[in-house]
């Protein structure tokens, strides 16, 4: 339970416990020392009572009418004197006095707390050798009780005022500490989410200011590393694209003519082979079919390595062409799309990334999703491009969400300071990519967008 309490609550709770402990200690001290003090203060009265008893006994012995002398002495004492006469066989009714103060009557619990001394000091009074009573000490303790009560109230009021003052100081001190700590925590949260631009305010005690400055320095270091990492990823992506272009050029310039030559020679062989040589013609036809299959495979590889028509057709038309090829490969898959035509204005690397993300996601749907319908959307919203590819297939395996293709997509997104999410919503699998756009991708958006297309 203690661990769940806030710093402010902990401070106030400890101060409250200290206040209660101080009151208890004050009560114990009052009970111990005040009673002893009262006993010392009644000692002179006891000595006076002893002298009075001796004088009374002497007067009674010398008196011709001792009983009358005793009555006259009792009358002279009165009811409020500290020295009382108690007749033999009777009890002296001595109750704790009700002390009136400007603040009211002293409470009974305080009088009981003082533990007033029991007045057992008694001196016998005799007439003709027979004890007729006692001279006892019964002092009036009102003034002493009043003094102790006023002192107790002063201590309690001082303790309450001190506790309130200390509590207020602790409250403001805790607030002055908690606010910088909250700023520090918010800054660390922003750093964890990848936001290194907004510095943490350096405020509060020196220890917290130093921590904030260290955190800001860490943020600057992480920001530099993040920028270096993004630059490296952009370089890697660019090198990958360059390598793919080189491979595509080699396949197109070297393998393409070879396959065309084999096909042309095979066709010539078929045309020159007599109809009676069935085995030779069958072998030639098999070679021709294999060559055509190789040419189709070569074209598919070229499309994946380097979509040569992006610059000529634009990104929007290139995506539509890609989806048309998907429809041709999977006639049973219902493909719909919504592509923003203003995507044709984005820069080259962003264009390649958008196309590659859609290409890889669509390929995963064809290979693994076993879906009946797929929807592709690409739109510029504010200062970012949002690409979504969703399908109603079986989804991603829990133990292997990121394969080689998706890892490449994630690296491309990170290279452009973007994000890539894999979601499962309402029975559909969604790949969502967000990419920031630069000034080159900020043309005014027209109302002309590619509408939904379905088969």
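Which shape class applies to segment 308-429: rounded if a/c is under 1.5, otherwise prolate when a/b exceeds b/c and oblate if not, where a ≥ b ≥ c are the square roots of the Cα gyration tensor eigenvalues? Verdict is oblate for segment 308-429. Full extension of the segment from residue 59 to residue 197, taken as 0.36 nm per residue of separation minus the current Cα-Cα distance, would add 39.1 nm. So, in Å, what gap is there between the alpha-carbon centers of segment 362-390 and segment 253-302? Segment 362-390 and segment 253-302 have Cα centres spaced 38 Å from each other.
Read-outs: derived from the displayed coordinates by stated rules, not from any lab. Note that the coordinates shown come from a computational prediction; the quantities given were computed from them, not determined experimentally.
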